[in-house]
Amino acid sequence: MTFSFEQLKSMVVFAQVVEQGNLTAAAKHIGLSRAVVSYHLKKLETQLGVKLLNRTTRSIALTEAGAQYYESCRIIAEQTQSANQKIENLKNEPEGLLKITCPVNVGLQLVVPALNEFRRRYAKIDLDVKLTDEVVNIIQEGIDLAIRGAPLPDSGLQASKLWTLPTCLCGAPDYLKRKGRPITPADLEQHEWVIYKLAAGAIELSKGSRSFSVAVKGSITTNNAAARTAFIEGGHGIGRIPVYDARPKIQAGTLESVLDDYQLTDIHVFGVFPPGNASSKKLRLLIDFLKEYFVQTDRKLMDSLR
């Protein structure tokens, strides 16, 4: 079977269709029209003499031949991206676009200030920042770095740990006056909770060699960290909050911490990225910068607690 450079382009288009989930998304991602993407798929199937995709108006599904062929196309696409990034890394000053996503509250309070400093240092790197509490499909969205407060699922993505967030239990002064201040972990089960949907359904505490697991229940649930804190300040229950978020409110008197003599599990913050981006110089610069920035933030936070 003869091979042409046009077929190489079709292979990359095919890989994008599979990764993006449909022709329209793939066309948008690689900057072609949907008609051109469809042309490449049909031409590729004609050249190979096999059907690669079963297509309907709403979805696509790989055939057995398509699944095997996709693996080769994916490798070619990743090698092409890696070759481009190696050239980029030879430049004296990094440049280009980084697309970043992170949760809203941690984004506004921590990540955006960090990116302000990063942009001052690397003026030729453009930033596209998407703040959302939903888990974004970073392959389909073309995201370079997703900042997430949870371990990686088995997704084929890579991750680098950026920071560890200490947490505390808090309630509003009027709520604790009405409901009583918990003295032991067992007391927590008698309290209302403001539940953060993206966190686990139980609170884990420890003291010395003993550990405790507390089931939480409450009439308010939210997927937004800032909303969770606002509901706790409003006197609707107890909640687990990162120390960086709770400390200013405790100092202002709108929140009080409880069970301070117990340890809570920390939140580990990861930078998640596609494996094909691992050699990108500008992404490596950003990850290293964020790690150092958050170390400095930790030091400032600890100074404020003394």
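The numbers here are math on the coordinates, done by the rules we state, and not lab data. Everything numeric here is computed off the predicted structure, so don't read it as measured data. Quick reminder, even Gly has a Cβ in these numbers, built from the backbone with ideal geometry, and neighbours come from all protein chains shown.
The convex hull of the Cα atoms of segment 5-89, projected and averaged over all directions, covers 5.6 nm². Each residue of segment 19-33 was assigned a 3J(HN,Hα) from its phi angle through the Karplus curve 6.51 cos²θ - 1.76 cosθ + 1.60 (θ = phi - 60°); the sequence is 6, 7, x, 6, 5, 5, 5, 5, 4, 5, 5, 9, x, 10, 7 Hz, with glycine and proline shown as x.
Remark on residue 147: its backbone amide H falls under 5 Å from those of 101, 102, 272, a criterion applied only to residues 5 or more positions apart or on other chains, H modelled at 1.01 Å from N. Excluding same-chain residues fewer than 8 positions from residue 177, which aspartates and glutamates have a Cα within less than 18 Å of its Cα? Straight-distance partners of residue 177: 187, 189, 192, 233, 256, 260. Taking other Cβ atoms within 10 Å as a rough exposure proxy, 144, 128, 187 sort from fewest to most as 128, 187, 144. The label-point distance for residue 135 and residue 59, in a model that sets each label 7 Å from Cα toward Cβ, rounds to 1.9 nm.
A straight chain from residue 79 to residue 47 at 0.36 nm per residue would run longer than the Cα-Cα distance by 9.2 nm.
The amide H of residue 237, built 1.01 Å from its N in the peptide plane, has 172 as neighbours under 5 Å, considering only residues 5 or more places off or on other chains.
With 5 Å bins beginning at zero, the pair-distance distribution over Cα atoms of segment 134-213 amounts to 3, 9, 17, 17, 15, 12, 10, 8, 6, 2 %.
Convex hull of alpha carbon positions in segment 167-265: directionally averaged projected area 5.6 nm². For the peptides 219-228, 98-107, the ranking by mean Cβ contacts within 10 Å, running from highest to lowest, is 98-107, 219-228.
Would you mind checking 217/249; 51/130; 28/281; 51/281; 197/281 for any pair whose Cα atoms are more than 30 angstrom apart? From the list (217/249; 51/130; 28/281; 51/281; 197/281), the Cα-Cα distance tops 30 Å for 51/130; 51/281; 197/281.
Only Cα sites of the chain enter the Debye sum here, all with the same form factor; the resulting log10 I(q)/I(0) across q = 0.08, 0.12, 0.16 1/Å is -0.50, -0.89, -1.23, listed in q order.
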